[in-house]
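Below is one structure, written out as structure tokens; the observations come after it.
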Amino acid sequence: MKYISTIILLLTLTWSFNPNKVEAQDDDYQEILFMIIDGDLEKAVSKTEKYMNKSKTKRDPVPYIYSSMAYYEISKRDEMAEDYPRAYRDAIKNAYKARRYDRENEYFPNHMDYINELKASIMKEARYHFESENWRKSTTYAKYILRIDPGDLSALLLKGVAEVRALCECHRRIV
């Protein structure tokens, strides 16, 4: 028993003193997540942008996911709309980049609750424009969803129908 506890202690110490850069980055990314949870969104955006601009971490999907989360929360707040007029678009753009950089689909499943919330919000916009017969905007928002989740059948169907309706409307104007 004493032998096993000594081995466990040595393994724990070895892992804790291992200068692994990935663990250090995960700790920094965790700090960003706590900033978002605490509502310190501007600081979270600033921190994620630093990682997105560094050559070592610019293709890491996690900062893009957290940046998307922060921008999405900013877009919900009316008092921040003046300082961040493109927050909603930036949330969508960064979610798309996170998907693009997460080629092995390693990080996206961990954040599916947020991704589904963002997709639902985008789909709401797409349906609004569809019902308003603004086919091009509806198509655009459906494309945003497909960039984030290429397998989303409802977005694919909405995009197709909106494109066909836009073509029919354009054809009627010509004839």
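The values are calculated or read from the model by the stated rules, or taken from the named source; none is laboratory data. As the structure is a computational prediction, the values presented were derived from the model and not from experiment. Note that each Cβ is placed from the backbone with ideal geometry, even for glycine, and that neighbours are counted across all protein chains shown.
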ask   = Is there a residue in the stretch 82-103 that is of a type in the set (A, V, I, L, M), within 30 Å of M35 (Cα to Cα) and not assigned by TED's automatic domain parsing to the domain that holds E31?
value = no
Residue list for the stretch 52-81, filter: assigned to a loop (DSSP other than H, G, I, E, B) and farther than 29 Å from E104 by Cβ = R77, A81
query = For the stretch 94-108, does any single residue satisfy the condition of being acidic (D, E) and surrounded by fewer than 13 Cβ atoms within 10 Å (Cβ to Cβ)?
reply = yes
task = Give the residues of the stretch 82-110 that are acidic (D, E) and assigned to a helix (DSSP H, G or I), sorted by residue number.
result = D90
